[in-house]
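Below is one structure; the comments refer to it alone.
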Amino acid sequence: MWIEPEIEFVNERAVFQIPDVRDVYVDLYSKNFSTSPRDFSERNANPSVMVAVYRTINGTIVGFSRFFFHMNNTVQPEEYSLEYTIKGICFSGTVVQSSYRGRGIGTRLISRVISFATEFTGAKYAIVCIDASNTIPLHMFQKYGFHPCKTICNKVTKDPSNYYILSKLIAE
Ligand SMILES: CC(C)(COP(=O)(O)OP(=O)(O)OC[C@H]1O[C@@H](n2cnc3c(N)ncnc32)[C@H](O)[C@@H]1OP(=O)(O)O)[C@@H](O)C(=O)NCCC(=O)NCCS
């Protein structure tokens, strides 16, 4: 029998108030996003960022998906290019413990974030920015229905064209 694991949502400040979550969070983001200009510490915790926390049924924390609300017209899907007030979410880091990868956990996280966003915030679209060399998440998001809509300069490598913005309409 498949037992649905728990995915809970907390804002990033709250992550640092829950010791077991905080420790895995800092470890996973520091290891996997080392080229990010951001330091994943309590000092930089952003209360506007929401974090989906994935726990197995025995309580082990195995993955996270960070996201925030987004209203930047320049990167919205074509269909909404004239609407400035449309609500969207931006994924800003989905990560799974390496020993748990390839079991559908990353896909479950993005799916759950999208259902949370449409149900509780009325978000109409989702976007994610991914480096062109990061082929596994590119594959995962595209398989889930995200489409590349723009390339932007990577702030870290300064490469003007190797950072994709992908988007997906998530509600009518
Ligand atoms: C991206 C990431 C979150 C995916 O997590 P996951 O739990 O393995 O994802 P899923 O199991 O749902 O797999 C999604 C797809 O990626 C594929 N995949 C997963 N691991 C893979 C690997 N090591 N090699 C090749 N493909 C792989 C899966 O096969 C699946 O594709 P499929 O359904 O066509 O077979 C995980 O690889 C990770 O944490 N990467 C490091 C952090 C990162 O780069 N995050 C993305 C920035 S937004």
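The values are calculated or read from the model by the stated rules, or taken from the named source; none is laboratory data. What you are looking at is a predicted structure, and each value in this text was computed from that prediction instead of being measured. Virtual Cβ from ideal backbone geometry, glycine too; neighbours counted across all protein chains shown.
Things worth noting here:
- Strands (runs of 3 or more DSSP E) contained entirely in the range 75-172, each with at least 3 residues that are modelled with pLDDT of 80 or more and among the aliphatic types (A, V, I, L, M): 88-96, 125-131, 163-169
- Boolean, Phe40 is surrounded by 12 or more Cβ atoms within 10 Å (Cβ to Cβ) and within 13 Å of the ligand (Cβ to nearest atom): yes
- Subset of the range 85-134 [among the polar types (S, T, N, Q) and farther than 18 Å from Ser34 by Cβ]: Thr85, Ser99, Thr107, Ser111, Ser115, Thr118, Thr121
- Every residue from the range 111-124 that is in contact (Cβ under 8 Å) with a residue 12 or more places away in the chain and either within 8 Å of the ligand (Cβ to nearest atom) or more than 13 Å from the chain's Cα centre (by Cα) (or both): Thr118, Thr121, Gly122, Ala123, Lys124
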